[in-house]
1. Taking a cut-off of 24 Å, what percent of all Cα-Cα pairs in segment 63-205 are separated by more than that?
2. Looking at the chain as a GNM with Cα springs under 10 Å, which of Val96, Val176, Val61 has the largest mean-square fluctuation?
3. Taking 0.36 nm per residue of sequence separation and subtracting the Cα-Cα distance, how much length would be gained by fully extending the chain between Tyr115 and Ala97, in nm to one decimal?
4. Using the Cβ atoms and a cut-off under 14 Å, what net charge is assigned to the surroundings of Pro157, where Lys and Arg are +1 and Asp and Glu are -1?
5. Starting from the 7 Å offset along Cα-to-Cβ, what nm value, one decimal, do you get for the label separation of Ile167 and Val14?
6. Per residue Cα convex hull volume for segment 1-135, in cubic angstrom?
7. Just how far, in whole angstrom, is segment 129-204 from segment 22-93 if you go by their alpha carbon centroids?
8. Within the chain, what is the longest stretch that has no chymotrypsin sites (Phe, Trp or Tyr not before Pro) placed in a DSSP loop and near at most 12 other beta-carbon atoms within 10 Å?
Amino acid sequence: MPLPTALFWERRDVPGAEHALLADRSGLYAHGTALAAAPVPYACHYELQTDQDWMTARADVRTEGAGWARQVRLELAAGRWRITASEQGDLDAALVAAGHARAGLPGSEDPDLLYGAFDVDLGCSPLTNTLPVRRLGLLTAEIGVAHRISVAWVLVPSLEVVQADQIYTTLGDNLVRFASETFSADLSIDDQGFVVDYPGLAKQP
């Protein structure tokens, strides 16, 4: 069945774009593709499923470029993550040829480090910022109250999965501040909690 909503973002940091199709009447189901020219040209295909409370249930992500492809699946059940990953070809060779450092392996060596994380953050995608916005009710939350969360951060294009601490704070006027240990941005969101403008990363046209 065709999905009812389409979103599109243009990257602001590198040449690239993202297109997502989704349904959000009872949690979120979405699939999409993100394209970027750096650190090496790649395509990132993803499929996301949450429960009705917007807690991530499953994420399938696949990246591919010249001479390589990687895939990772994350599934959350009873508070614990199950992560499976695979790779073909040599992403490291492509990265080194482009003057970049080698990548980590796809997946996670110790998924138990993700215990207490209920959201997946896909590194290339402003769509996944909506997951904590909706799960925490930030559209109607008290202004100025900070919400510290742990997420399963999927690095792109390597698909290495690491634990990350993040803070979301409602600012009012459809603005939510997103902060990590080394980064902060005030996200402009629409009335459904989807990112309209992510300074430094992407915006809807």
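Bear in mind these aren't lab numbers, they're just calculated from the coordinates by the rules spelled out. Keep in mind that what you see is a predicted model, and the values were worked out from it rather than measured. Using ideal geometry, Cβ is built from the backbone for each residue, glycine included, and neighbour counts are taken over all protein chains shown.
1. Every Cα pair in segment 63-205 considered, those over 24 Å come to 39 percent.
2. Highest fluctuation of the listed residues: Val96.
3. Computed gain between Tyr115 and Ala97 is 2.8 nm.
4. In short, -2.
5. About 2.9 nm separates the two model spin labels.
6. Numbers: hull volume 16.3 nm³, N = 135.
Normalising the Cα hull of segment 1-135 by residue number yields 120 Å³.
7. Result: 18 Å between the Cα centres.
8. 1-114
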